[in-house]
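Only the coordinates and a few stated rules stand behind these numbers; no lab work does. Please read these numbers as outputs of a predicted model, since none were measured by experiment. Please note: Cβ atoms are built from the backbone with ideal geometry, for glycine as well, and neighbour counts cover all protein chains shown.
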Amino acid sequence: PFDAKKAPSPDLCFLKFVETANNATTLDQVLPYLPYAQQRVIKEEQQRWSPQSAAETRAQHLKLNPSITADALEFFSEAPYVRELNSLKDISGKIMRVRSIKYTGPNTAVLDVATRNNCRMNGEDYPYSTADVELLGQGNFWMFDKYRDSSMHYKAPQ
């Protein structure tokens, strides 16, 4: 059972995840920061993946949508470990700082974080935003669970 009093604070755990993900060269380096159930699902998907299944997936997507982009095809057919690592690195690369922590249950917390983004509206750049990060307490650590970008964008850091 998780004991929040024995765990480092959610913001410290999340910032350690961000640092690790930013520097990771393999998903194995980041997996310990994800909830146990998510780790298990990713490992199972990786075990089922093969170059042959990737080729079949590419062919199916091309047949359904002949104008599909090369990036989309790559996303749908790349190895689960590669896809997940890229996704986590994309998220961690946006993070600037933790703005606040809200405990939503005995083993759940939501962080409000300041982020970088590449939003352009009406010819103007809005390079900053915020996001919610959900953490799940497991073992003696807060695990990175979910990330949601805000729809608001700003000219200055928040």
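How big is the dipole moment of the chain about its Cα centre under a simple scheme where the beta carbon of each Lys and Arg is +1, that of each Asp and Glu is -1, and everything else is neutral? Debye, nearest 20, please.
The dipole magnitude comes to about 260 debye.
Compare the Cα positions of 152, 60, 39 along the charge dipole of region 12-155 (+1 at Cβ of Lys, Arg; -1 at Cβ of Asp, Glu; about the Cα centre) and return the one farthest towards the positive end.
152
Given axes a ≥ b ≥ c from the Cα gyration tensor, I'd like to know whether the chain is rounded (a/c under 1.5), prolate (a/b larger than b/c) or oblate.
oblate
Between 109, 37, 79, which gets the highest mean-square fluctuation from a Gaussian network model of the chain, Cα cutoff 10 Å?
Ranking 109, 37, 79 by mean-square fluctuation puts 37 first.
How many angstrom lie between the C-alpha centres of region 38-64 and region 82-158?
A separation of 27 Å, based on Cα centres.
So for the chain, averaging the separation of alpha carbon pairs under 8 Å that are six or more residues apart and normalising by length, what relative contact order in percent results?
With pairs under 8 Å counted, the relative contact order is 27 percent.
Shape of region 48-89 from its Cα gyration tensor (a ≥ b ≥ c, root eigenvalues): rounded if a/c is under 1.5, otherwise prolate when a/b > b/c, or oblate?
In terms of gyration-tensor shape, oblate.
Under a GNM of the chain (C-alpha, springs under 10 Å), which listed residue has the highest mean-square fluctuation: 115, 25, 104?
Top of the fluctuation ranking is 104.
State the answer as a single residue: which of 142, 85, 24 lies farthest towards the positive end of the charge dipole of the chain, with beta carbon charges of +1 for Lys and Arg and -1 for Asp and Glu, about the Cα centre.
142
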